[in-house]
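Colleague: Can you keep this structure in mind? I'll have questions shortly.
The values are calculated or read from the model by the stated rules, or taken from the named source; none is laboratory data. No experiment lies behind these values; they were computed from the predicted model shown. Because the Cβ atoms are built from the backbone with ideal geometry, glycine has one as well, and the counts that use them run over all protein chains shown.
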């Protein structure tokens, strides 16, 4: 996945918040359960804390919706670069023609020289306007794609957690260390893709 877009998605996802709270069904069960006694080495679902985490970078690199948007953005970027290159070549070609005509006394009058200069200026202005439009369209498409992916992940997490009843689902990026047994990234990716592929059919 394109790293700059991945970072863009990741930064935006992190701003959604560090935790998504659940329906507080577990509150009464967890109030006094934790004492000073050390937990056993065996990590079972029963003795794990009532929260989980996801690795958002992994989700974005494996979620088909994010991958499809990334490919679309790359196509837009390549098309934009191709268009700007074509303008650049046309401008350079006209500049070269004007230069050669000047060197070879090809201009029979001041008016014909000014006409080419005006044509050159118009070509530059047109290229700048199109470049601004293309960049604006690309930026708007990137923001829309980012928002769609963010909303999709957030909606799925809420739906997912409604069945599991965790007190919180954290982002791994927001922690210094977290027990790997609490990682639900694979489950979330699988669920996201199953839902997306079903809608896409």
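Colleague: Let me spell it out: the conditions are (1) touching a helix residue (DSSP H, G or I) at 6+ places or on another chain (Cβ under 8 Å); (2) farther than 22 Å from residue 82 by Cα; (3) surrounded by fewer than 15 Cβ atoms within 10 Å (Cβ to Cβ), and residue 116 meets all of them except one. Which number is the exception?
Modeller: (3)
Colleague: Given the residues 55, 27, 68, which is the only one that is surrounded by 10 or more Cβ atoms within 10 Å (Cβ to Cβ), over 27 Å from residue 126 (Cβ atoms), modelled with pLDDT of 95 or more and out of contact with any helix residue (DSSP H, G or I) (no Cβ under 6 Å at 6 or more places or on another chain)? Quick ask: steps written out before the conclusion?
Modeller: On the way: 55 fails: out of contact with any helix residue (DSSP H, G or I) (no Cβ under 6 Å at 6 or more places or on another chain); 27 fails: modelled with pLDDT of 95 or more.
Sole residue among the options that is surrounded by 10 or more Cβ atoms within 10 Å (Cβ to Cβ), over 27 Å from residue 126 (Cβ atoms), modelled with pLDDT of 95 or more and out of contact with any helix residue (DSSP H, G or I) (no Cβ under 6 Å at 6 or more places or on another chain): 68.
Colleague: Could I ask something else about it? With (1) closer than 16 Å to residue 54 by Cβ; (2) under 22 Å from the mean Cα position of the chain (by Cα); (3) surrounded by fewer than 18 Cβ atoms within 10 Å (Cβ to Cβ) as the list, and residue 179 as the residue in question, which single condition is left unmet?
Modeller: Result: residue 179 fails condition (2) only.
Colleague: Run down 146, 135, 139 and say which single residue is exposed (fewer than 12 other Cβ atoms within 10 Å of the Cβ) and within 26 Å of residue 73 (Cβ to Cβ).
Modeller: The unique qualifying residue is 139.
Colleague: Out of (1) surrounded by 11 or more Cβ atoms within 10 Å (Cβ to Cβ); (2) within 13 Å of residue 51 (Cα to Cα), what's the single condition that is false for residue 195?
Modeller: Among (1) surrounded by 11 or more Cβ atoms within 10 Å (Cβ to Cβ); (2) within 13 Å of residue 51 (Cα to Cα), the lone unmet condition for residue 195 is (2).
Colleague: Considering only region 81-113, state which residues are in contact with a helix residue (DSSP H, G or I) (Cβ under 8 Å, 6 or more places away or on another chain) and farther than 30 Å from residue 137 by Cα.
Modeller: If the condition is that a residue be in contact with a helix residue (DSSP H, G or I) (Cβ under 8 Å, 6 or more places away or on another chain) and farther than 30 Å from residue 137 by Cα, then 97, 98, 101, 102, 106, 107, 113 are the ones that fit.
Colleague: Scan region 80-110 for residues that are surrounded by fewer than 11 Cβ atoms within 10 Å (Cβ to Cβ) and not in a helix (DSSP H, G or I) and report the count.
Modeller: Adding up the residues that qualify gives 4.
This table checks each residue for (1) more than 19 Å from the chain's Cα centre (by Cα); (2) without any contact (Cβ under 8 Å) to a residue 12 or more places away in the chain; (3) not in a helix (DSSP H, G or I).
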| position | (1), (2), (3) |
| --- | --- |
| 112 | yes, yes, no |
| 124 | yes, no, no |
| 130 | yes, no, no |
| 141 | no, no, no |
| 146 | no, no, no |
| 151 | no, yes, no |
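Colleague: Which condition number in (1) assigned to a helix (DSSP H, G or I); (2) more than 17 Å from residue 58 (Cα to Cα); (3) out of contact with any helix residue (DSSP H, G or I) (no Cβ under 8 Å at 6 or more places or on another chain) is the one that residue 190 fails?
Modeller: Unmet condition: (2).
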